[in-house]
Amino acid sequence: MRLHQIAICSLILLGSVAAQNSIAGSVRQLSDPKSKVDLKPTGKGYGVVDLLEQSKSTGHASSGKAASTNGIIYHGGPVMLGTTNVYYIWYGNWAGNTATSILPTLASGMGGSPYFNINTTYTNGSGTKVSNAVHLAGSKNDSYSQGTALSDAQVQSVVSSAIAGGLPKDTNAVYFVLTSADVNATSGFCTNYCGWHTHGLIGGSDIKYAFVGNPDRCPSSCAAQTTSPNGNAGADGMASIISHELEEAVTDPQLNAWYDRRGQENADKCAWTFGTEYNAAGGGKANVKLGGLDFLIQRNWVNAAGGYCSMTY
């Protein structure tokens, strides 16, 4: 039995009755056919009411929003085009941890894969598609510059410091703050999310970045399995979270492009679903090989043929 109670990155914890009731209420609200405004994504798997959009709306379809028959709607914002660069910021203590080789292999094998090709079903307002191109462009270590309990603002500070300390300031990139198991995120890691993505102004530029926590801190919440393909359950769990955040970041980098009426982005719609699995030689289950390694990675939402979760396109 898989040990998971919350969806990767984005989805809210379902462990408590109170949380379930709260979530159910939100879903009822936004599934109301009289509702005129889609909930806006937070990057953490749930939507919130955008009061500005609500005040402007005169009906369900607001300015810049295209109707969709694929279960996800374009809301007019940008997508990431061309090659998406990935930067890893190894936060905390990663000495002797095989994650530092497993996760770079994941990023290096992502571009050009049938899996990441799913994102080419998403376009900007001019019809230009997201590219099936990902490049691991660099990495940097950060030994607890913000302590072991990170607020959302401190996560941005980690990214800002990494750029000031030598990583390129790249507006067509996603910077991943990867935390060791002794690091917590105070806005809800292990209880409300396993990771998230957003964007912010850093050095005068709009920078996209993500927090990805280590499931070794809470395997029952953030890991699909404790016996994993590459002998490192924390790293293998992070691989699925990274994939989730990356595909959301390229299709909804400013949280105003592709999402459904509930504020769920493409990866949210398929969280904790894996499709066909096989027994990996290293142990545990896997469903895809990237960069020569086996991984168990969640499916993504194909924006075609009515919309569906898949591992390939």
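We did not get these values from a lab; they are worked out from the coordinates using the rules stated. In this text, all values refer to a predicted model and were calculated from it rather than measured experimentally. We place every Cβ from the backbone using ideal geometry, glycine too, and count neighbours over all the protein chains shown.
Data for the structure
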| quantity | calculated |
| --- | --- |
| Cβ-based net charge around ASN97, under 13 Å, with every Lys or Arg adding one and every Asp or Glu removing one | -3 |
| Karplus 3J(HN,Hα) series, Hz, for the stretch 209-224 with 6.51 cos²θ - 1.76 cosθ + 1.60 (x for Gly, Pro) | 8, 9, 9, 10, x, 8, x, 4, 6, 8, x, 6, 9, 10, 10, 6 |
| Using a Förster distance of 45 Å, the FRET efficiency for THR273-THR171 (Cβ separation, nearest 0.05) | 0.90 |
| Space enclosed by the convex hull of the alpha-carbon atoms of the stretch 217-282, per residue, Å³ | 107 |
| Estimated D of the stretch 17-310 in µm² per second, where Rh is the Kirkwood radius over Cα pairs and Stokes-Einstein applies at 20 °C, 1.002 mPa s | 110 |
| SER143, SER187, SER131 arranged by Cβ crowding within 10 Å, fewest neighbours leading | SER143, SER187, SER131 |
| Relative packing of peptides 291-302, 256-267 - highest average C-beta neighbours within 10 Å first | 256-267, 291-302 |
| Distance in nm between pseudo-label sites at VAL48 and THR83 (7 Å out along the Cβ direction from Cα) | 3.6 |
| Distant-in-sequence amide H partners of SER187 (H built 1.01 Å from N, under 5 Å) | ASP152 |
| Whole-Å semi-axes of the stretch 133-233's equivalent ellipsoid (Cα gyration tensor) | 24, 16, 12 |
| Convex hull of the stretch 191-313 built on C-alpha atoms - directionally averaged projected area, nm² | 8.8 |
| Simple label model, 7 Å out from Cα along Cβ direction - SER220 to GLN254, nm | 4.3 |
| Listed residue (SER157, THR191, ALA224) projecting farthest to the positive dipole end of the stretch 115-267, Cβ model | SER157 |
| Aspartates and glutamates whose Cα lies under 13 Å from that of LYS169, excluding same-chain neighbours fewer than 8 positions away | ASP206 |
| HIS135-SER205 FRET efficiency (beta carbon distance; Förster radius 25 Å; 0.05 resolution) | 0.85 |
| Charge tally in the Cβ shell below 15 Å around ALA149, where Lys, Arg are +1 and Asp, Glu are -1, ALA149 excluded | -2 |
